[in-house]
Structure formats: structure tokens, C-alpha cells
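Below is one structure, written out as C-alpha cells; the observations come after it.
The values are calculated or read from the model by the stated rules, or taken from the named source; none is laboratory data. What you are looking at is a predicted structure, and each value in this text was computed from that prediction instead of being measured. For neighbour counting, all protein chains shown are included, and Cβ atoms are generated from backbone atoms with ideal geometry for every residue, glycine included. Note: areas computed on protein heavy atoms with side chains; ligands, DNA, RNA excluded. Shrake-Rupley method; radii C 1.70, N 1.55, O 1.52, S 1.80 Å.
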Amino acid sequence: MNTANTLQKFAVEQQVPLISLKDIYKIYYMGDEEVHANDGISLDIYRGEFVAIVGKSGSGKSTIMNIIGALDTPTSGKYYLNGIETSEMTDDELAEVRNKMIGFIFQQYNLLPKMSVLENVELPLLYQGVKERERKERAMFQLERVGLKDKAGNLPRQLSGGQQQRVSIARALAGSPSLILADEPTGALDSRTSKEVLGFISQLNNEGNTVVMITHDRSIAMNARRVVNIVDGKVTFDGSVEEYAKL
């Protein structure tokens, strides 16, 4: 089956969460010790939300990010993406979901150094089998959107950190994903550039994009509209930024 297309079409107009985590456990074993990286997490995220998942190192936030991003599967519990259960999908089906439904923004940009900026942005479309002319047009449109159309022929090393992160944002948007998943998107940037990148991510959300941002930094989380705090694999807070600010 064409899993990603099915996911895209299912319940678009319904009040079904885009992301629904039901009693998610992720358990690792270190010798005789059982480590619960995620310890019964239940969470719903709807289309158009901007949610920050916050936690210290070792809290379980990266583990839940990997599950949301279809990079990993839970030990137990159910993960529904747009109403379709993903927990039992094959590796190929999960790869299709990652490629067609999720746009990733990483802390270290993950740009291929020997490819031009344009070629880096084209990659998700290349994997989707989009023809060359359309691929280039769509990639250039996203570069123009992030203000880097004039850098299309440059190599990543010729750009500043902030520019490289904007290229990674353009790449994340190129495939028209249902979800933008940002993992510590400002972690490698100075404070001024971080503010610019966060402003752009907020703008994307204002345009209707669903954003889930993973961060350890409370101040970064305040740029979202909703905050989910994780401690020792459990959700300890889930509410608005205004409520979070009072804690």
C-alpha cells in the first residue's frame, strides 16, 4: 500500500489529532537494569499547533522525538499519525512516512557538504521520485521563502550557521510535509541568529504548518504556543506557554 498517501488523505477534515501517543513505553536494558526512557506517555497534537517538548538530558524527550519522527518504535503503546497506527509498520512503510509526511530540522543542519544548497533542498523530492524540472522549481521556491535564493549554487561551507539552518528549513518544507519536527534547532547558533531562526519557525506556524520542537531550554520553549514538559520519561506538564511561564 502507499502508506504515506493514505495517511495524507485520511481524516484531513476531521477532528482527529495529527499525532496521538497512547501510553507509550520505550524500555532499554543495561545489564540487569530496566531503563524506562518513556514511561507511559500519552499526548495528542492537532494540525496547526506549535508544541515545544522540553526536558533535560536523559529526560526521554529525544526518545519520544524519535518515535514521533518514525525513526524508532515504542516497546509498547500506540502511535497514530493522522489517525493511522504506525507502531506496527514495516521499516519500508516508516521510511515512506518520514519522507512524505515529516520535515526534519536538525541541530547540526545535516547538509551534504559536496552538494550545492539547491541540491540539498532537492533531496526529499529526489527520494519521492519528483521529476527534475519540478524538483528544482519547488526547491528554489523554498529557498526564496527563506531568503536564500541567491545562495542556491553555494556549498554549505560557504554559508553562515544561520544560513545553513535556513537551508535545512527549506529542505524540511520542500516535500510539503504534514509535520515539521525541529530537534534543538538553535543549539548550534548564537543568540541573535537563534532569535532569527525561531522567528522564522514561528512564521511557518502562523502560515498553518504544524511544528513540534524539541529543546532542553525553557527560554526557547517560550517561543511555542504549547509546552509539554518531560521528566524521567513522564509528562509532568502540558499546557499553554502562558501557564508554563507561571511555573
**Message:** Can you say whether LEU189 is within 23 Å of ILE67 (Cα to Cα) and either at pLDDT below 95 or buried (at least 19 other Cβ atoms within 10 Å of the Cβ) (or both), as far as the supplied structure shows?
**Reply:** no
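Given the structure, is TYR25 of a type in the set (Phe, Trp, Tyr), surrounded by fewer than 15 Cβ atoms within 10 Å (Cβ to Cβ), at pLDDT 85 or above and not in a loop (DSSP other than H, G, I, E, B)?
On the way: of a type in the set (Phe, Trp, Tyr): yes; surrounded by fewer than 15 Cβ atoms within 10 Å (Cβ to Cβ): no; at pLDDT 85 or above: yes; not in a loop (DSSP other than H, G, I, E, B): yes.
Spelling it out, it is not the case that TYR25 is of a type in the set (Phe, Trp, Tyr), surrounded by fewer than 15 Cβ atoms within 10 Å (Cβ to Cβ), at pLDDT 85 or above and not in a loop (DSSP other than H, G, I, E, B).
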**Request:** Would you check if GLU88 is without any contact (Cβ under 8 Å) to a residue 24 or more places away in the chain and outside any loop (DSSP other than H, G, I, E, B)?
**Result:** no
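May I ask you to list the residues in the stretch 223-247 that are of a type in the set (Val, Ile, Thr) and open to solvent by less than 40 Å² (accessible area, probe 1.4 Å)?
Those that are of a type in the set (Val, Ile, Thr) and open to solvent by less than 40 Å² (accessible area, probe 1.4 Å): VAL227, VAL228, ILE230, VAL241.
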**Item:** Filter pass, LEU181 being modelled with pLDDT under 95 and either touching a strand residue (DSSP E or B) at 6+ places or on another chain (Cβ under 8 Å) or small (Gly, Ala, Ser) (or both)
**Value:** no
**Item:** Subset tally (residues that are assigned to a loop (DSSP other than H, G, I, E, B) and closer than 17 Å to PRO177 by Cβ) for the stretch 67-80
**Value:** 3
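From GLU96, GLU13, which residue is open to solvent by 60 Å² or more (accessible area, probe 1.4 Å), modelled with pLDDT under 95 and not hydroxyl-bearing (Ser, Thr, Tyr)? It would help to see each step written out before you state the result.
Numbers: GLU96 fails: open to solvent by 60 Å² or more (accessible area, probe 1.4 Å).
Being open to solvent by 60 Å² or more (accessible area, probe 1.4 Å), modelled with pLDDT under 95 and not hydroxyl-bearing (Ser, Thr, Tyr) holds for just one of GLU96, GLU13, which is GLU13.
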**Message:** For the list (1) part of a helix (DSSP H, G or I); (2) under 19 Å from the mean Cα position of the chain (by Cα); (3) at pLDDT below 95, I need the number of the one condition that ILE64 fails.
**Reply:** (3)
**Asked** For the stretch 74-83, how many residues meet the condition of being buried (at least 18 other Cβ atoms within 10 Å of the Cβ) and not aromatic (Phe, Trp, Tyr)?
**Response** 4
**Asked** Only one residue in GLU134, GLU119 is loosely packed, with under 13 Cβ neighbours inside 10 Å, assigned to a helix (DSSP H, G or I), free of Cβ contacts under 8 Å to residues at least 40 places away in the same chain and among the charged types (D, E, K, R). Which one?
**Response** GLU134
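Taking the condition over 16 Å from GLN142 (Cβ atoms) and either at pLDDT 95 or above or touching a strand residue (DSSP E or B) at 6+ places or on another chain (Cβ under 8 Å) (or both), does ASN209 pass? Please lay out each step first, then the result.
On the way: over 16 Å from GLN142 (Cβ atoms): no; either at pLDDT 95 or above or touching a strand residue (DSSP E or B) at 6+ places or on another chain (Cβ under 8 Å) (or both): yes.
Against the criterion (over 16 Å from GLN142 (Cβ atoms) and either at pLDDT 95 or above or touching a strand residue (DSSP E or B) at 6+ places or on another chain (Cβ under 8 Å) (or both)), ASN209 does not qualify.
Kindly indicate which of SER202, SER168, SER194 is in contact with a strand residue (DSSP E or B) (Cβ under 6 Å, 6 or more places away or on another chain) and not in a loop (DSSP other than H, G, I, E, B). I'd like the intermediate steps shown before the answer.
Working: SER202 fails: in contact with a strand residue (DSSP E or B) (Cβ under 6 Å, 6 or more places away or on another chain); SER194 fails: in contact with a strand residue (DSSP E or B) (Cβ under 6 Å, 6 or more places away or on another chain).
Testing whether each residue is in contact with a strand residue (DSSP E or B) (Cβ under 6 Å, 6 or more places away or on another chain) and not in a loop (DSSP other than H, G, I, E, B) leaves just SER168.
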**Request:** Provide a single number: the residues in the stretch 161-186 that are closer than 16 Å to SER116 by Cα and open to solvent by 60 Å² or more (accessible area, probe 1.4 Å).
**Result:** 1
**Asked** Of all residues in the stretch 99-150, how many are closer than 21 Å to GLN164 by Cβ and in contact with a strand residue (DSSP E or B) (Cβ under 9 Å, 6 or more places away or on another chain)?
**Response** 8
**Asked** In this structure, is GLY129 assigned to a loop (DSSP other than H, G, I, E, B), without any contact (Cβ under 8 Å) to a residue 24 or more places away in the chain and over 26 Å from ARG47 (Cα atoms)?
**Response** yes
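Specify which of the listed residues (GLN158, GLN163, GLN203) is closer than 21 Å to PRO124 by Cα and not hydroxyl-bearing (Ser, Thr, Tyr).
Numbers: GLN158 fails: closer than 21 Å to PRO124 by Cα; GLN203 fails: closer than 21 Å to PRO124 by Cα.
Matching residue, one of GLN158, GLN163, GLN203: GLN163.
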